[in-house]
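*Asks:* Here it is: the structure, laid out below.
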Amino acid sequence: MSNLDPTPPFGASLADTARLLRKRFDQRLRFTGSTRAQWHAIFKISKQEGMKQAELAEALDVEPITLTRLLDRMEEGGWVQRQPDPTDRRARLLFLTEKAREALAPMRLVVDEIYEEALAGLDKAEREQLMHLLSRVRTNLSKGENHE
């Protein structure tokens, strides 16, 4: 690609799109009093209540210490509860509070609105193709994760 090519490189375009999506989430979630990272954790926990902190750290692709600080804030805010794992005294299990459960449906609506805004102008086939292509890129890159 020449320096005169107006098309941004793949990585820059993907990173910029992700940045804009994160920015939109931050703008729209401000009213909840929690962060995008907290909502990401809430959605993950809602899919598997009782998951271990280590499992959530892996699912969110964050370091355990980073997740611990996030969960500390979430617990203080009344979003999650940590309980000891009866089978492993070192592990903590994660559960949503009633406050978080009640907020899930309205938050899902906000998420759907953001995605609709991001995908405006794409018909159903284009949306499916986009998701298929991104999935292939993710698969290609995940194959090389063990070669570092």
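*Asks:* What is the percent of Cα-Cα separations in the chain that go past 19 Å?
*Replies:* Numbers: 7011 of 10878 pairs.
Considering the chain, 64 percent of its Cα-Cα pairs are separated by more than 19 Å.
*Asks:* Let's see if you can work this out: charge +1 on each Lys and Arg Cβ, -1 on each Asp and Glu Cβ, no other charges. What is the dipole magnitude of the chain about its Cα centre, in debye to the nearest 20?
*Replies:* Details: 24 positive and 24 negative charges, 57 e Å.
So the magnitude is around 280 debye.
*Asks:* Label point 7 Å out from Leu133 along Cα-to-Cβ: which residues of region 11-31 have amide N under 16 Å?
*Replies:* Answer for region 11-31: 11-18.
*Asks:* Can you give the accessible area per residue of the chain, in Å², using a 1.4 Å probe?
*Replies:* Working: 10740 Å² over 148 residues.
I get 73 Å² per residue for this part.
*Asks:* Could I ask something else about it? If amide H atoms are built 1.01 Å from N in the plane of the peptide, which residues on other chains or at least 5 residues away come under 5 Å of the amide H of Thr97?
*Replies:* Val80, Gln81
*Asks:* A follow-up question, please. Once the dipole of region 30-148 is set up with Lys and Arg at +1 and Asp and Glu at -1 on Cβ about the Cα centre, which of His132, Pro86, Ala57 lies farthest towards its positive end?
*Replies:* Pro86
*Asks:* Could you order the peptides 50-56, 84-90, 98-104, 13-19 from most to least packed, using the average number of other C-beta atoms within 10 Å per residue?
*Replies:* On the way: 50-56: 16.0, 84-90: 9.6, 98-104: 14.1, 13-19: 11.3.
So the peptides 50-56, 84-90, 98-104, 13-19, ranked by packing, come out 50-56, 98-104, 13-19, 84-90.
*Asks:* Filter the DSSP H helices in the chain by two things, a Kyte-Doolittle mean of at least -0.5 and an axial alpha-carbon span of 15 angstrom or more, and list the hits by number. Mind showing how you got there, number by number?
*Replies:* Values: long enough: 10-29 (28 Å, -0.41); 36-47 (17 Å, -0.44); 64-76 (18 Å, -0.36); 98-118 (30 Å, -0.34); 124-143 (29 Å, -0.89).
Going by DSSP H runs, the hits are 10-29, 36-47, 64-76, 98-118.
*Asks:* Here's another thing I want to ask about it. Which percent of the accessible area of the chain is formed by carbon and sulfur heavy atoms (probe 1.4 angstrom)? Could the numbers behind the result be given before it?
*Replies:* Working: 5760 of 10740 Å².
C and S atoms contribute 54 percent here.
*Asks:* Hey, another quick one. Just report the Cα centroid separation between region 117-139 and region 32-110, whole Å.
*Replies:* 28
*Asks:* Counting only protein chains, not ligands or nucleic acids, how are Thr68, Thr35 ordered by accessible area (probe 1.4 Å), most first? Before the final figure, lay out the partial values.
*Replies:* Numbers: Thr68 45, Thr35 70 Å².
Result, largest first: Thr35, Thr68.
*Asks:* Could you work out the local net charge near Arg136, counting Lys and Arg as +1, Asp and Glu as -1, over the other residues with Cβ closer than 14 Å to its Cβ? Walk me through the numbers before you get to the answer.
*Replies:* Working: positive: Arg138, Lys143; negative: Glu128.
Computed value for this residue: +1.
*Asks:* Separate question: With a sphere of radius 12 Å drawn around the Cβ of Arg69, what net charge do the other residues whose Cβ falls strictly inside it have (Lys, Arg +1; Asp, Glu -1)? Mind showing how you got there, number by number?
*Replies:* Details: positive: Arg73; negative: Glu63, Asp72, Glu75, Glu76.
It works out to a net charge of -3.
*Asks:* Could you tell me whether region 95-148 comes out rounded, prolate or oblate from its Cα gyration tensor? Rule is a ≥ b ≥ c as square roots of the eigenvalues, rounded for a/c under 1.5, then prolate if a/b exceeds b/c, otherwise oblate. List each step's numbers first, then the result.
*Replies:* Working: a/c = 4.20, a/b = 1.33, b/c = 3.15.
Cα axes put region 95-148 in the oblate bin.
*Asks:* Continuing with the same structure: Using only helices, what value at 222 nm comes out for the chain when you add -39,500 (n - 2.57) per DSSP H run of length 4 or more and divide by the total residues, to the nearest 500 deg cm²/dmol? Before the final figure, lay out the partial values.
*Replies:* On the way: 6 runs with 94 residues, N = 148.
That comes out to -21000 deg cm²/dmol.
The values are calculated or read from the model by the stated rules, or taken from the named source; none is laboratory data. It should be emphasised that the depicted structure is a prediction, and the values quoted were computed from it without experimental measurement. With ideal geometry, Cβ positions are generated from the backbone for all residues, glycine too; neighbour counts draw on all protein chains shown. Please note that ligands, DNA and RNA were not included when accessible areas were found on the heavy atoms of the full protein model with its side chains. Shrake-Rupley method; radii C 1.70, N 1.55, O 1.52, S 1.80 Å.
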